[in-house]
Amino acid sequence: MSTVAIFLMIAGVFFFTTATIGLLRFPDCYTRMHAAGKGDTLGALLLLLGLALYNLNDGFSLAALLVSLKILSIAVFIFVANPTASHAIAKAAIDAGVRPWTRKGGKP
Amino acid sequence: MIKRNEDIIIQTVTRLLTPFVQLFALYVIAHGHYSPGGGFQGGCILAASFILMAVANDVAFVKRRLPERLTTALISAGVLIYAGIGLACLMLGANFLDYGILHRVLPVDAVKARALATLGVEIGVGITVMAVMVSIFLNLLSAGRHEEGAVE
């Protein structure tokens, strides 16, 4: 159980790292949203799943199960809310007239 | 005027999440004396759910559910609950908000009366904070005119 939890958490940290690199290196608002929206969602999901499993490491008691259930409900909340927030920001950028980045001479 | 933006994804997710946000707010209010939280924090979360509604739809959407007259009444009602519990303690001969004395009028012992009165005070604070936050937000968002929800 502990091994799986640690593996999940390392995977989550990996996705957070890639999302941060994308956020820093991508050229404009939309591509950064692309990195942050997906990478952060998956990273947080994997981290929380790992924490929920790790919490059950000492054996299944009712209290530990309840805490794990709360962690899982946070994961579900993030899974629904984070892409919606990214969508809202992207839509606001489109409505405000932000042009997508292109290579020099390329068509938008 | 910024044009009114309707978006089915944001509105649907808001409609889905709002009950859970409000349930969590009530949990924070009711559980305030066992875990982090309390009336102020719970009231802020409750107000955030209404602010989410106002952002996803428009000001009129929230004002239909929570009119100005109702928020004003709720602000006063919350303060009245808080001060009423405090003054009830004063009437019974203890200090202001000294809940233990309330076991004389409630059918429970002093410890239980203390817990119950704390919950009552938290509920009063929560109602006031929620109504004040929503009122301030609606006034700021529409520059005091309570129209569609856009600033020129």
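We did not get these values from a lab; they are worked out from the coordinates using the rules stated. Since the structure is predicted, the reported quantities are computational estimates derived from the model, not experimental observations. Cβ: placed from backbone, ideal geometry, glycine included. Neighbour counts: every protein chain shown.
Could you grab me the full set of residues in segment A:64-101 that are among the small types (Gly, Ala, Ser), within 13 Å of chain B (Cβ to nearest Cβ) and assigned to a helix (DSSP H, G or I)?
A:SER73, A:ALA81, A:ALA85, A:SER86, A:ALA88, A:ALA90, A:ALA92, A:ALA93
Here is a check on your reading of the model: is B:ILE45 within 14 Å of the chain's Cα centre (by Cα) and within 14 Å of chain A (Cβ to nearest Cβ)?
Spelling it out, B:ILE45 is indeed within 14 Å of the chain's Cα centre (by Cα) and within 14 Å of chain A (Cβ to nearest Cβ).
Among the residues of segment A:53-101, write down those that are out of contact with any Asp or Glu (no Cβ under 9 Å at 6 or more places or on another chain) and polar (S, T, N, Q).
Hits for segment A:53-101 are A:ASN55, A:ASN57, A:SER61, A:SER68, A:SER73, A:THR84.
Any idea which of B:PHE40, B:PHE61 is more than 15 Å from the chain's Cα centre (by Cα), on the phi < 0 side of the Ramachandran plot, more than 14 Å from every other protein chain (Cβ to nearest Cβ) and assigned to a helix (DSSP H, G or I)?
Going through B:PHE40, B:PHE61 in turn, the sole match is B:PHE61.
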